[in-house]
1. Over region 112-236, with a single point scatterer placed on each C-alpha, what log10 of the ratio I(q)/I(0) does the Debye formula yield at q = 0.10, 0.11 1/Å?
2. Rg(Cα) of region 1-69 divided by 2.2 N^0.38 Å?
3. Identify the chymotrypsin sites (Phe, Trp or Tyr not before Pro) of region 123-219 meeting these criteria: DSSP loop state and at most 14 other C-beta atoms within 10 Å of the C-beta.
4. To test your reading of the geometry: what angle, between 0 and 90 degrees and rounded to tens, separates the Cα axis of helix 164-177 from the longest principal axis of the chain?
5. Angle check, please: helix 72-84 long axis (alpha carbons) against the longest principal axis of the chain (alpha carbons), in degrees 0 to 90, nearest 10.
6. Calculate the spin-label point distance for Asp163 paired with Ser20, positioning each point 7 Å from the Cα along the beta-carbon direction, and give it in nanometres.
7. What shape does region 259-298 have by the C-alpha gyration tensor, where a ≥ b ≥ c are the square roots of the eigenvalues, rounded means a/c under 1.5, and otherwise prolate means a/b greater than b/c and oblate the rest?
8. Tell me, Met198, Met42 in order of fewest to most beta-carbon neighbours within 10 Å?
Amino acid sequence: SRLVAGLSKTRDNIVAGIDSIFNGFSNIDDDFYEELEEILIMADLGINTTTSIIDNLKSKVKELKIKEPKECKDLLIQSIKEQMEIKETAYEFENRKSIVMLIGVNGVGKTTSVGKLAGQLKEQGKKVLVAAADTFRAAAIEQLTEWSNRAGVEIIAQQEGSDPAAVIYDAIMATKARNADVLICDTAGRLHNKKNLMEELKKIDRVITREYPDAYRETLVVLDGTTGQNALSQAKEFNEVAEITGIILTKLDGTAKGGIAIAIQSELGIPVKYIGIGEHIEDLQKFNAEDFVNALFN
Ligand code: GDP
């Protein structure tokens, strides 16, 4: 499948190593668990998540009186899935009048993800508008214009350097005038200046609350999967300045550290809603923990 192919770098890294442990060890002992732990950490599941997964596995092995390492693989997969358990990930914004904000630092794949999401919703028959509220970079506006042409959706933009809240205001007016379903906003996220970022987000928030109070709100943080544990700390920082409802984890096709999806979801308790596994519109996929873990380990 596209998912399996998109995750091949992490897959080659994890699966090959893990199978050699299950097949290479004759006993389930400390060395066995240590090597297992090492591989999970290499795939960027992080220490905390890895430790809970291994602890869970150990208690299952004990409870079921398992003796053969070979029999552990399914239990490991089960432990990882349990670790990721989260309240059902909702995509309510798809079916309501909604405003979806994407935030994230430069280069993580924010603009691309706005474009892909807009294209997919349009394909579902939704009337979609995009707002170029990342006014910090002229390139972001040009790039979003290209994406909106490709996706066949209308874009609301102003000049570079203009007030993001003013762009959002315009976009809300256009959304109402055209009776559009979903407004997707590309916003900037400059973490090195948290105070400014917070003020910018607050200002946008006020505009939405005043002008479009009935809209269903979704705020997604976009993170670059190739940065591994850095993505996790970025998510934590954004979570301090905004009410995050989900995560988009991009570029998983370009990394062997795809386990970061498992770490983020289990450590933050914020659902990963989409993953990026390539440059095409269909390479932004809804994230499903079960499918993800199966694609990595089976
Ligand atoms: P922004 O600065 O956060 O808006 O980032 P962009 O949307 O401009 O993306 C930065 C680069 O990452 C671009 O070259 C994108 O094509 C690329 N990119 C984004 N998502 C993915 C993905 O899922 N896979 C791959 N391979 N590249 C991606």
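We did not get these values from a lab; they are worked out from the coordinates using the rules stated. A quick note: this is a predicted structure, and the numbers were derived from the prediction, not measured. When we count neighbours, we look across all protein chains shown, and the Cβ atoms used for this are built from the backbone with ideal geometry, even at glycine.
1. -0.31, -0.38
2. After normalising by residue count via 2.2 N^0.38 Å, the value is 1.19.
3. Working: sites: Phe136, Trp147, Tyr169, Tyr216; in loops: Phe136.
Within region 123-219, no chymotrypsin sites (Phe, Trp or Tyr not before Pro) qualify (loop, at most 14 other Cβ atoms within 10 Å).
4. Once rounded, one gets 80 degrees.
5. It works out to around 30 degrees.
6. For the pair Ser20/Asp163, the computed spacing is 6.0 nm.
7. Working: a/c = 2.20, a/b = 1.35, b/c = 1.63.
Oblate is the answer for region 259-298, as a/c is 1.5 or above yet b/c matches or exceeds a/b.
8. Details: Met198 13, Met42 16.
Ranking Met198, Met42 by Cβ neighbours within 10 Å, fewest first, gives Met198, Met42.
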